[in-house]
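The values are calculated or read from the model by the stated rules, or taken from the named source; none is laboratory data. Remember, it's a predicted structure, so these values are computed and weren't measured experimentally. Quick reminder, even Gly has a Cβ in these numbers, built from the backbone with ideal geometry, and neighbours come from all protein chains shown.
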Amino acid sequence: MSMKRNNKITLCLSGACFALATFAAQAMTQDEAISAATEKLKLTDVSLDYRDSYGQNIRAALPDGTWVEVHLDRDGQINEIEGHRKRGFSEQSVRMLIPAEILQNPSYPSEAHFQKLDFKDGYKVEIEGYGPNSREFKAEFRHDGKLLELKKEK
């Protein structure tokens, strides 16, 4: 076997080992992300729905027993929470995730029942749900608290 071919095989094996080690480290990080989300939201009955290169999706129960789907991005950050089977969840159960500036905005729907909470690219937060009068709404806020859009069912 020539020295050149031997070096190519060694290089190829090194690359494969590096890729495998990187994948294993990433999987550990993803598991740690699930643990962090579980602790932050005080989730129970957590199960992995799927995992891909964009992140992972888990199903779990909030402390009040409401089932939700939580999407974690590839960095392990919570980027979406959605009520399981359109049942929604209380605002109080996810309040700790909402930036203080948004909570202080008079248009923030603190009495609402949320269907979906979506954190968009670190720039805005979208909230969909039902107000205390059972009317559907969709609100978009910037992280600095500015209301970008508010749509209410008439």
query: Any chance the stretch 68-76 includes a residue that's at pLDDT 90 or above, touching a Lys or Arg at 6+ places or on another chain (Cβ under 7 Å) and within 19 Å of residue 128 (Cβ to Cβ)?
result: yes
- prompt: Quick one: is residue 110 surrounded by fewer than 17 Cβ atoms within 10 Å (Cβ to Cβ), assigned to a loop (DSSP other than H, G, I, E, B) and either at pLDDT 95 or above or in contact with a Leu (Cβ under 8 Å, 6 or more places away or on another chain) (or both)?
  reply: yes
field: When residues of the stretch 32-67 are limited to those that are in a helix (DSSP H, G or I) and surrounded by 15 or more Cβ atoms within 10 Å (Cβ to Cβ), the one modelled with the lowest pLDDT
entry: 33
Scan of the stretch 75-104 for residues that are polar (S, T, N, Q) and either within 25 Å of residue 51 (Cα to Cα) or crowded, with 18+ Cβ neighbours inside 10 Å (or both), ordered by number: 77, 79, 93
- prompt: In the stretch 123-137, how many are surrounded by fewer than 16 Cβ atoms within 10 Å (Cβ to Cβ) and either in contact with a strand residue (DSSP E or B) (Cβ under 9 Å, 6 or more places away or on another chain) or of a type in the set (Phe, Trp, Tyr) (or both)?
  reply: 6
- request: Would you be able to say whether some residue in the stretch 133-140 is under 25 Å from residue 29 (Cα atoms), of a type in the set (Asp, Glu) and either touching a Leu at 6+ places or on another chain (Cβ under 7 Å) or without any contact (Cβ under 8 Å) to a residue 24 or more places away in the chain (or both)?
  value: no
message: With the requirement that a residue be among the charged types (D, E, K, R), over 12 Å from residue 102 (Cα atoms) and at pLDDT 95 or above, what does the stretch 115-150 give you?
response: 116, 118, 128, 138, 149
